[in-house]
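Inspection log for the structure reproduced underneath, given as structure tokens.
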């Protein structure tokens, strides 16, 4: 018997305890086989949780198929502690103390607060290209995030993620935002948005179960270390598949986010049609944010370069249709961003075309020789093919905090 959120119920599951109404009346008896109609009625009545017999049949079938598939492609299922060519995990240093991190109430509170503030971050929301739907997205996204952080087990894992590596936590938040934008644009309902968001927030949770040295290193990894690092996908799946309030579809985001279109990914080398949709979305968002974020060994790529990479990866690493959908709804350069062009000129993003969001219309405010422009003029980068955006100014750069329209006349 286990407790389950009503939002995660599936037809065919069996109630282990009776469901009581507000006045103590029995609404459904123990032993009732749930149907779509029963599940819908539970939601309408505001019932949040029920007790179910055993593990859902769908979960058991998926786990069995997973192990069967792993054997068919000669991949050993990576259980914790398993070695690689004679190397054990203990050889790579200590593992994080997960139980201790989960007991840190203050850390959990901070992690949850940062999560629920995500829809109110104008800087991050500036990367959402949803036109008139932005206000609706903020409301829906905020409601979903509140539901998620109110799940104690999920909140603990978010805290573990943040305590393990602050950058990894921020990366997961960015991936969640991008994935949420795609979900809304695909007309996901509340339940699907919830599952996608949980999967996106915790898709890298398996990293927290690896030796600390691997997570923090800034050098090139050895072959055995890379092999262990890759196991974060299956480690993450094992964590999420055992959690209350986390559907099997959310857990698959952890397992499959490194699978690729032509079957060149891992852990199973699945091809595109065999990769679950949520995992596909998370994979694209993961790669995009990884490219535009700095790493120990390289500077961040510009959003334009990241978009170009995604374009080139269509029907190679990712499905082209999903890539095009992603690019249409993620603003590489939000309106009012201050950017520098390959010509040396500095400008402000004035308009973002939906078809080519990485080539906006830019109002020039400074010439290449450093002269400020008294009357800004526009350059349409969809037409100026020989000019590209070379960098975007951050809060600590020359134009930080400056109103780019000062002394400009229309």
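Does residue 106 satisfy being part of a helix (DSSP H, G or I), at pLDDT 95 or above and out of contact with any strand residue (DSSP E or B) (no Cβ under 7 Å at 6 or more places or on another chain)? Judged against the criteria, residue 106 is a match.
Taken as a whole, the structure leaves residue 330 outside the set of residues that are surrounded by 15 or more Cβ atoms within 10 Å (Cβ to Cβ), within 11 Å of residue 391 (Cα to Cα) and not assigned by TED's automatic domain parsing to the domain that holds residue 219. Residues considered: 280, 260. Of these, the only one that is in a loop (DSSP other than H, G, I, E, B), under 20 Å from residue 323 (Cβ atoms) and touching a strand residue (DSSP E or B) at 6+ places or on another chain (Cβ under 8 Å) is 260.
Here is a yes/no grid of residues against (1) more than 22 Å from residue 286 (Cβ to Cβ); (2) touching a residue at least 60 places away in the same chain (Cβ under 8 Å):
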{"position": "136", "(1), (2)": "yes, no"}
{"position": "158", "(1), (2)": "no, no"}
{"position": "161", "(1), (2)": "no, no"}
{"position": "169", "(1), (2)": "no, no"}
{"position": "183", "(1), (2)": "no, yes"}
{"position": "210", "(1), (2)": "no, yes"}
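Check residue 293 against each of (1) at pLDDT 90 or above; (2) within 30 Å of residue 156 (Cβ to Cβ); (3) in contact with a helix residue (DSSP H, G or I) (Cβ under 7 Å, 6 or more places away or on another chain) and name the one condition it does not meet. Of the numbered conditions (1) at pLDDT 90 or above; (2) within 30 Å of residue 156 (Cβ to Cβ); (3) in contact with a helix residue (DSSP H, G or I) (Cβ under 7 Å, 6 or more places away or on another chain), the odd one out for residue 293 is (1). Those residues that are at pLDDT 80 or above and assigned to a helix (DSSP H, G or I), I need them from region 25-43; list them, please. 38, 39, 40, 41, 42, 43, listed by residue number. Scanning region 225-241 for residues that are touching a helix residue (DSSP H, G or I) at 6+ places or on another chain (Cβ under 8 Å) and more than 30 Å from residue 4 (Cβ to Cβ) gives 225, 228, 229. Of all residues in region 256-267, at least one satisfies being within 23 Å of residue 235 (Cα to Cα), surrounded by fewer than 20 Cβ atoms within 10 Å (Cβ to Cβ), more than 20 Å from the chain's Cα centre (by Cα) and outside the structural domain of residue 375 (by TED's automatic domain parsing). For residue 51, the conditions (1) at pLDDT below 70; (2) surrounded by fewer than 17 Cβ atoms within 10 Å (Cβ to Cβ) are fulfilled apart from (1).
The values are calculated or read from the model by the stated rules, or taken from the named source; none is laboratory data. Quantities reported herein were computed from a predicted structural model and do not represent experimental measurements. Using ideal geometry, Cβ is built from the backbone for each residue, glycine included, and neighbour counts are taken over all protein chains shown.
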